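Novice: Can you read through this structure? Questions will come right after.
Every number here is computed from the coordinates shown, using simple stated rules; none is lab data. Please read these numbers as outputs of a predicted model, since none were measured by experiment. All Cβ positions, glycine included, derive from the backbone under ideal geometry; neighbour counts span all protein chains shown.
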Amino acid sequence: MSSSIEVAAIILAAGQGTRMQSTLPKVLHPVAGRSMLGHVLALSDAIAASRRVVVVGPDMPIVSEAARKQVPDARIAIQAKQLGTADAVKAAAAEMAGFTGDVLILYADTPLVQIETVQAMLSARRKGASAVVLGFRPADPSPYGRLLMSDTGGLHAIIESKDCTPEQSKITFCNSGVMAVDGAVLFSLLEEVGNTNAKGEFYLTDIIAIARKRGLTCAAIEADADEVLGVNSRVELSQAEVILQNRLRHMAMLNGATLLDPSTVYFSHDTKLGRDVVVGQNVVFGPGVTVADGAQIKPFSHLEGATVATAAEIGPYGRLRPGADIGKGARIGNFVEVKAARIEEGAKVSHLSYIGDARVGAGANVGAGTITCNYDGFEKHFTDIGAGAFIGSNTCLVAPVKIGDGAYTGSGSVITKDVSPDALALVRPQQVEKAGWAARFRARFAGKKSGHG
Ligand code: UD1
Ligand code: MG
């Protein structure tokens, strides 16, 4: 593929998406933790599109904002009325002025198209086809435009479902909607598109027959039906999620992670797992997680916005929230929640703890039930635990507070003042013992049946 030809992407997102039954515009619904529009914008990044135009409806500022947040130089075109897909592409004309490279037309509600497929379309384009359409063979072709192929394998025309003759209805090769078109002719082809058809819409698909009449060649490439799934309802949204999760699981394994039961591990689009990472059953990765080589994520753990260094162990039932930074060989055990805290190399927080807004120094041991009391109802405060410190079980660390290197806290202590390095801080009442008390107590009730507490 020659790299000298520029690529632009026109992303159609003007549809209302009424079947989603949502106040959120359809294309902002997430799949694997990223909006559908976000996936399509990421694809445009992957092909190094030098211009991105997102076509939105007139009342969709939140779609434009989302696009610009992800791609600051994204251009926004407003389609005043939804007169059809050709009209939608035409709405991008002003933003496309002066562009003569290859134009990729993408639907923002078709989020699973892969870079390799688009590259294959662009190389077919550069072999001489003025327009390359991405086709597929759905289980039920009835709602889709049919691809009329010539005997020599070229694409002759696309006939929309409602305009098909009974004979054309039998065609199983369908239009996914994704197209790569020569930017030098795209808008002049669109000028010729009319709306005398079953739906009274301006069909983008008509540009194929128009191009053929001009003697230009057109082609089709076939994709897997899963890859071009279009999302119109929450049912299809869930199907897209399943397809993408399977793809992410597959990639994680090919990259060297072991998933003990892949179908129970849920990824975010951006989850990064190193080699020899072992992920147990029923683990959920929210956005922004990086796990380094050789770390273990044991069953029923939930991670988001967290970094796990090499050879660290999380879970079972570990909970890493944003800003959790788990050092090399450190251990986060069952029912431990970590938020905005750095757990340094080899430190252990093994059972039933909350560590938030904190540092746990290298090699420190945090006993069962330890809580950093980081919040006073108004502000968050920091807890600093030194290297090699030993925090007794059920310690409350009332932040801001600092535990020196190598210091101990006694079990059950409520620590409100800083502790010097290598000291023991003990905050608990003296133990009182009353000899024989229990025996006397029982004797008082001799002969009576004990009630049910
Ligand atoms: C379109 C194709 C059909 C293809 C099918 C695949 C046309 C005429 N037909 O049909 O061949 O098989 O997709 O799903 O292109 N949109 C706008 N503005 C508009 C109309 C549509 O932005 O005025 C956007 C929609 O938001 C959507 C996409 O374009 O993302 C496709 O529109 P839709 O109405 O779903 O087209 P189909 O009738 O499904
Ligand atoms: Mg559709």
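Novice: Antiparallel versus total DSSP beta bridges in the chain: what percent is that, nearest 5?
Specialist: Antiparallel: roughly 20 percent of the beta bridges in the chain.
Novice: Given points 7 Å out from each Cα along the Cα-Cβ axis, report the ALA94 to GLN82 separation in nanometres with one decimal.
Specialist: The modelled label-to-label distance comes out at 2.2 nm.
Novice: A further question follows. Which ³J(HN,Hα) values, rounded to whole Hz and listed in residue order, are derived for region 136-141 from phi using the Karplus coefficients 6.51, -1.76 and 1.60 in 6.51 cos²θ - 1.76 cosθ + 1.60 with θ = phi - 60°, glycine and proline given as x?
Specialist: Per-residue couplings from phi come out as 7, 10, x, 4, 10, x Hz.
Novice: While we're on this one: In whole Å, how far is the Cα centre of region 182-252 from that of region 114-141?
Specialist: 9 Å
Novice: For CYS373, list long-range residues whose amide hydrogen, built 1.01 Å from N in the peptide plane, is under 5 Å from its own amide hydrogen.
Specialist: Hits under the 5 Å cutoff: LEU397, VAL398, ALA399.
Novice: Here's a follow-up. Can you put ILE221, ILE47 in order of Cβ neighbours within 10 angstrom, beginning with the fewest?
Specialist: Starting with the residue having the fewest Cβ neighbours, the order is ILE47, ILE221.
Novice: Using Cα-Cα distances under 8 Å and only pairs 6 or more residues apart, what relative contact order does region 292-360 have, in percent?
Specialist: Numbers: 222 pairs, mean separation 17.1, N = 69.
Normalised by residue count, the contact order of region 292-360 is 25 percent.
Novice: Determine, from the Cβ-Cβ distance of TRP437 and THR18 and an R0 of 51 Å, the FRET efficiency 1/(1 + (r/R0)^6), rounded to the nearest 0.05.
Specialist: In this case the efficiency is close to 0.10.
Novice: In terms of the Cα gyration tensor, with a ≥ b ≥ c the square roots of its eigenvalues, is region 21-75 rounded because a/c is under 1.5, prolate because a/b exceeds b/c, or oblate?
Specialist: Taking the square roots of the gyration eigenvalues as a ≥ b ≥ c, region 21-75 is oblate.
Novice: Once both axes come from the Cα atoms, what is the angle between helix 234-254 and the longest principal axis of the chain, in degrees from 0 to 90, rounded to 10?
Specialist: Rounded to the nearest ten degrees, it is 70.
Novice: Within 11 Å, Cβ to Cβ, of GLN114, how many net charges do the neighbouring residues add up to if Lys/Arg are +1 and Asp/Glu are -1? Let's see the in-between values first.
Specialist: Numbers: positive: ARG247; negative: GLU116, ASP224, ASP226, GLU227.
That sum, taken over residues with Cβ under 11 Å, equals -3.
Novice: Can I ask one more? Mind pulling the angle between the C-alpha long axis of helix 115-126 and the longest principal axis of the chain? Nearest 10 degrees, somewhere in 0 to 90.
Specialist: 20 degrees
Novice: What residues qualify as long-range amide H neighbours of ALA77, i.e. H under 5 Å apart, gap of 5 or more or another chain, H built at 1.01 Å from N?
Specialist: VAL54, VAL55, VAL56
Novice: Something else: Separation between the GLU236 and LYS69 pseudo-spin-labels, each 7 Å from Cα along Cα→Cβ, expressed in nm?
Specialist: Result: 2.4 nm between the two label points.
Novice: Give the lysines whose C-alpha is closer than 30 Å to that of LYS213, dropping any in the same chain fewer than 8 places away, or say none.
Specialist: LYS81, LYS90, LYS127, LYS162, LYS170, LYS199
Novice: To continue, here is another question. Based on Cβ point charges of +1 for Lys and Arg and -1 for Asp and Glu, what charge dipole magnitude is obtained for region 277-372 about its Cα centre, in debye rounded to the nearest 20?
Specialist: That gives region 277-372 a dipole magnitude of about 120 debye.
Novice: Please give me the summed charge of the neighbours of ALA399: other residues whose Cβ is under 13 Å from its Cβ, Lys and Arg +1, Asp and Glu -1.
Specialist: Cβ neighbours under 13 Å give a net charge of 0.
Novice: Less than 14 Å Cβ to Cβ from GLU95, Lys/Arg counted +1 and Asp/Glu -1: what total charge do the surrounding residues give?
Specialist: Summing Lys/Arg as +1 and Asp/Glu as -1 gives +4.
Novice: Quick check: pseudo-label points 7 Å beyond the Cα along Cα→Cβ at LEU426 and ARG275, how many nm apart are they?
Specialist: Modelled inter-label distance: 5.2 nm.
Novice: Now, a different point. Arrange the following residues from fewest to most other Cβ atoms within 10 Å of their Cβ: GLU191, GLU167.
Specialist: GLU167, GLU191
Novice: Pulled fully out, how much extra length does the chain show between ARG137 and ASP226, if you take 0.36 nm times their separation in residues and subtract their Cα-Cα distance?
Specialist: Fully extending the segment from ARG137 to ASP226 adds 31.0 nm.
Novice: Neighbour counts of other C-beta atoms within 10 Å: give me LYS26, LYS81 arranged from fewest to most.
Specialist: Working: LYS26 23, LYS81 10.
Fewest-to-most ranking of LYS26, LYS81: LYS81, LYS26.
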